[in-house]
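Participant: Dropping a structure here in structure tokens format, bear with me for questions.
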Amino acid sequence: MKLRLFFSGLALLISACKPSSTEPAAKAPGADAPAEIAAAASAKSGKPQVLVANYPLQYFAQRIAGDAVEVRFLAPKDEDPAFWQPDEAAVAAFQSADLILMNGATYSKWADKITLPESKVVDTSSAFANNFIQITDATTHSHGPGGEHSHNGTAFTTWIDFKQASLQARAVSEALMKLVPAAKEAMEKNVDALKDELEALDDRMSTLSRRLVNQPLVASHPVYHYLARRYGMNLKSLLWEPDTVLDDKYLADLNGILATHRARWMIWEGDPTKDNVEKLSSLGLRSIVFDPCGNVPDSGDFMTVMKANVAALEQAFP
Ligand SMILES: [Zn+2]
């Protein structure tokens, strides 16, 4: 079976998210990828190969499995893994993996076009699939090399609802324990520690949510739906990047929102340019970073980035 069947009902919704600029290099390698590519891409360590769809899953898998498996995250650092297109070697690596940890929620747009070995695929968000958020008002735009895309369809930044992150960590641990039963005991300890930390973040955000009620907020990009839902944030999104040069058109979009939504804070995915901070400041908006961390951070790891995100919000809303 093709992975696309998992998403059958969503096929129409996500079709808008496919980059239009380039045809995927990995158009249809299917199971008949050249043997030498598959061989080159597969195990070098002799350990079970675990391929992951994004950095949060890489972090979870590594924390849980330690060195019992080799965790491989193949999207380049400068790309959004959600809109990345794997090349032929990457596709071959996925197809010869021992376990493929997917984010689910239509995260990996590429998975719609590529045949993956069904028995190896684990959808880590399936436990809360009936709670996914559907976005219907997003327009097409582009960031990074992936070409144009839209955020219409299922919201996919699932893990910044830390309760959902904890469920994903559990799904990762169950799959890893099945893969390497001999390491089960250690993995159970590791996943408990990880879930404790995720739940501590959830507690801090839940405490904070009482102070966020009735605070209109603006986000630079539509990636915070699950964060906003779980922690009661009144958030409206633009389609900006931290380094977008804010010309009159962008500022008109913002002023359109501010007319009815008197936000004092803008939430960015990464550090905004000094220029952008100043421009917003002149409109009475202060800048704060909440990095969803879908790809490998420049420094620290998933947990340190999330702790910094929550601390920044705590500071902004003391
Ligand atoms: Zn986008």
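None of the figures in this text is laboratory data; all of them are computed from the coordinates on show. Just so we're clear, the structure is a prediction, and the values are computed from it rather than from any experiment. Cβ atoms come from the backbone with ideal geometry, glycine included; neighbour counts cover every protein chain shown.
Participant: Which residue, PRO297, TYR250, TRP265, has the largest displacement toward the positive end of the dipole of the range 213-316 when charges sit on each Cβ (Lys, Arg +1; Asp, Glu -1)?
Facilitator: Result: TRP265, furthest along the dipole toward the positive end.
Participant: For the range 94-144, just say rounded, prolate or oblate: build the C-alpha gyration tensor, square-root its eigenvalues into a ≥ b ≥ c, call rounded for a/c under 1.5, and beyond that prolate if a/b exceeds b/c, oblate if not.
Facilitator: Cα axes put the range 94-144 in the oblate bin.
Participant: Compute the distance from the alpha-carbon center of the range 90-132 to that of the range 149-216, in whole Å.
Facilitator: What the calculation gives is 18 Å, centre to centre.
Participant: Also: Starting from the Cα gyration tensor of the range 57-142, take the square roots of the eigenvalues, sort them a ≥ b ≥ c, and report rounded, prolate or oblate (rounded when a/c is under 1.5, otherwise prolate if a/b is larger than b/c, else oblate).
Facilitator: Here the range 57-142 falls in the prolate category.
Participant: Further question: Cross-link list LYS274/LYS307; LYS195/LYS307; LYS120/LYS178; LYS47/LYS163; LYS163/LYS195: which exceed 21 angstrom alpha carbon to alpha carbon?
Facilitator: Working: LYS274/LYS307 23 Å; LYS195/LYS307 14 Å; LYS120/LYS178 11 Å; LYS47/LYS163 31 Å; LYS163/LYS195 9 Å.
In this structure, LYS274/LYS307; LYS47/LYS163 lie more than 21 Å apart at Cα.
Participant: Report, by chain and number, residues whose modeled amide H sits under 5 Å from the one on SER237, excluding near sequence neighbours (fewer than 5 apart, same chain).
Facilitator: ALA219
Participant: Another question, then. Work out, in µm²/s and without decimals, the Stokes-Einstein translational diffusion coefficient of the range 213-316 at 4 °C, 1.567 mPa s, Rh from Kirkwood over C-alpha pairs.
Facilitator: 92 µm²/s
Participant: Taking the Cα centre as origin and putting +1 on Lys and Arg beta-carbons and -1 on Asp and Glu beta-carbons, what dipole magnitude results for the range 213-316, to the nearest 20 debye?
Facilitator: Result for the range 213-316 is approximately 580 debye, rounded to the nearest 20.
Participant: Order these peptides, 181-194, 292-305, 248-261, 53-66, by their mean beta-carbon neighbour count within 10 angstrom, highest first.
Facilitator: 53-66, 292-305, 181-194, 248-261
Participant: Can you tell me the order of 267-276, 150-159 when each peptide is scored by its average per-residue count of other Cβ atoms within 10 angstrom, highest first?
Facilitator: 150-159, 267-276
Participant: While we're looking at this one, here's another question. How big is the charge dipole of the range 105-175 about its Cα centre, in debye rounded to the nearest 20, if each Lys and Arg gets +1 on its Cβ and each Asp and Glu gets -1 on its Cβ?
Facilitator: Working: 5 positive and 7 negative charges, 29 e Å.
The dipole of the range 105-175 has a size of about 140 debye.
Participant: As an exercise, take the mean of 1/r over every pair of distinct alpha carbons in the range 99-245, invert it, and state the Kirkwood radius in angstroms.
Facilitator: Details: mean 1/r = 0.0581 Å⁻¹.
Computed over the range 99-245, the radius equals 17.2 Å.
Participant: Taking only C-alpha pairs under 8 Å that are 6+ residues apart, what is the relative contact order of the range 98-220 in percent? Could the numbers behind the result be given before it?
Facilitator: Values: 114 pairs, mean separation 27.9, N = 123.
Averaging sequence separation for qualifying contacts and normalising by length gives 23 percent for the range 98-220.
Participant: Let me ask something else about it. For the range 114-244, with the dipole built from +1 on Lys and Arg beta-carbon atoms and -1 on Asp and Glu ones, taken about the Cα centre, which of ALA228, LEU217, SER206 lies farthest toward the positive end?
Facilitator: The Cα lying farthest towards the positive end belongs to SER206.
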